Amino acid sequence: MPPAVPADTQAHRSGAIEVARDDPARTDVLGLLGEHLADMFATSPAESVHALDPAALAGPDITFWTARPAPHGSGQLLGCGALKELDPGSGEIKSMRTAQHARGRGVAALLLERILAEARARGYRRVFLETGSQDYFAPARRLYARHGFTVCPPFGTYAADPNSVFMARQP
């Protein structure tokens, strides 16, 4: 199980944006996750969608963050992301999403930096992710590549799938 981290050490700030742990059951988060799932099903075959629902994102093996205007919680949701522990030495990035109105402001990069910092703090040797192979997911693949992720074979319980791209890096 991921170690508990005191709330005052969880926030990462970049200018007026702050990333901190949050509850995936918050109303605005549910809306953003709903958009995320709808886009996944609209752009990928159903059997290739690996996004987690809000209940799964609240599980004991997952840490969930949101990006909001600072101070955290005082404004409109900008994005979200999660880190799932696969085993004591590795994790998987889940449910990275930037709200439409916040795209192009560095929200995804800030979330990714926070997730990778947590992975380092936990001593993970590898961080993995799965994203789509369709053109719709090209911006996500570019973001991950800019942050040192490279294509890798399927990991964990994933199987090879032409609709998926698997990536990994050391945190």
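The values are calculated or read from the model by the stated rules, or taken from the named source; none is laboratory data. What you are looking at is a predicted structure, and each value in this text was computed from that prediction instead of being measured. Here the Cβ is made from the backbone with ideal geometry for all residues, glycine too, and neighbour counts use every protein chain on show.
Scan segment 112-120 and tell me whether some residue there is in contact with a Pro (Cβ under 8 Å, 6 or more places away or on another chain) and over 25 Å from Ile17 (Cβ atoms).
No, every residue in segment 112-120 fails to be in contact with a Pro (Cβ under 8 Å, 6 or more places away or on another chain) and over 25 Å from Ile17 (Cβ atoms).
So Val29 ticks every box in (1) modelled with pLDDT under 70; (2) among the aliphatic types (A, V, I, L, M); (3) under 16 Å from the mean Cα position of the chain (by Cα) but one. Which box is left unticked?
Among (1) modelled with pLDDT under 70; (2) among the aliphatic types (A, V, I, L, M); (3) under 16 Å from the mean Cα position of the chain (by Cα), Val29 violates only (1).
Give me a count of the residues in segment 58-80 that are crowded, with 23+ Cβ neighbours inside 10 Å and either without any contact (Cβ under 8 Å) to a residue 40 or more places away in the chain or of a type in the set (D, E, K, R) (or both).
Going through segment 58-80 one residue at a time, the tally reaches 1.
Could you grab me the full set of residues in segment 119-140 that are in contact (Cβ under 8 Å) with a residue 60 or more places away in the chain and outside any helix (DSSP H, G or I)?
Arg122, Glu130, Gly132, Gln134
Quick one: Pro54 ticks every box in (1) touching a Pro at 6+ places or on another chain (Cβ under 7 Å); (2) without any contact (Cβ under 8 Å) to a residue 12 or more places away in the chain except a single one, so which number is it?
(2)
Of the residues Leu116, Leu143, Leu83, only one is farther than 20 Å from Ala38 by Cβ, touching a helix residue (DSSP H, G or I) at 6+ places or on another chain (Cβ under 7 Å) and either among the polar types (S, T, N, Q) or assigned to a helix (DSSP H, G or I) (or both); which?
Residue meeting the stated conditions: Leu143.
In segment 146-171, what residues are touching a strand residue (DSSP E or B) at 6+ places or on another chain (Cβ under 8 Å), assigned to a loop (DSSP other than H, G, I, E, B) and of a type in the set (S, T, N, Q)? Explain how you work it out, then say what you get.
We begin by selecting, within segment 146-171, every residue touching a strand residue (DSSP E or B) at 6+ places or on another chain (Cβ under 8 Å); these are 147-156, 158, 163-171.
Keeping just the survivors that are assigned to a loop (DSSP other than H, G, I, E, B) gives 147-149, 152-156, 158, 163, 170-171.
Hits for segment 146-171 are Asn163, Gln170.
Considering only segment 149-158, I want to know if a residue exists there that is of a type in the set (A, V, I, L, M) and either in contact with a Lys or Arg (Cβ under 6 Å, 6 or more places away or on another chain) or surrounded by 15 or more Cβ atoms within 10 Å (Cβ to Cβ) (or both).
The answer is no, given that none of the residues of segment 149-158 is of a type in the set (A, V, I, L, M) and either in contact with a Lys or Arg (Cβ under 6 Å, 6 or more places away or on another chain) or surrounded by 15 or more Cβ atoms within 10 Å (Cβ to Cβ) (or both).
Looking at Ala108, is it closer than 21 Å to Arg21 by Cβ and crowded, with 23+ Cβ neighbours inside 10 Å? Write out each step before concluding.
Numbers: closer than 21 Å to Arg21 by Cβ: yes; crowded, with 23+ Cβ neighbours inside 10 Å: yes.
So Ala108 passes the test.
Pick from Met40, Met1: which is hydrophobic (A, V, I, L, M, F, W, C), modelled with pLDDT of 55 or more and either over 14 Å from Ala108 (Cα atoms) or surrounded by fewer than 16 Cβ atoms within 10 Å (Cβ to Cβ) (or both)? Before the answer, list the steps.
Working: Met1 fails: modelled with pLDDT of 55 or more.
Among Met40, Met1, only Met40 is hydrophobic (A, V, I, L, M, F, W, C), modelled with pLDDT of 55 or more and either over 14 Å from Ala108 (Cα atoms) or surrounded by fewer than 16 Cβ atoms within 10 Å (Cβ to Cβ) (or both).
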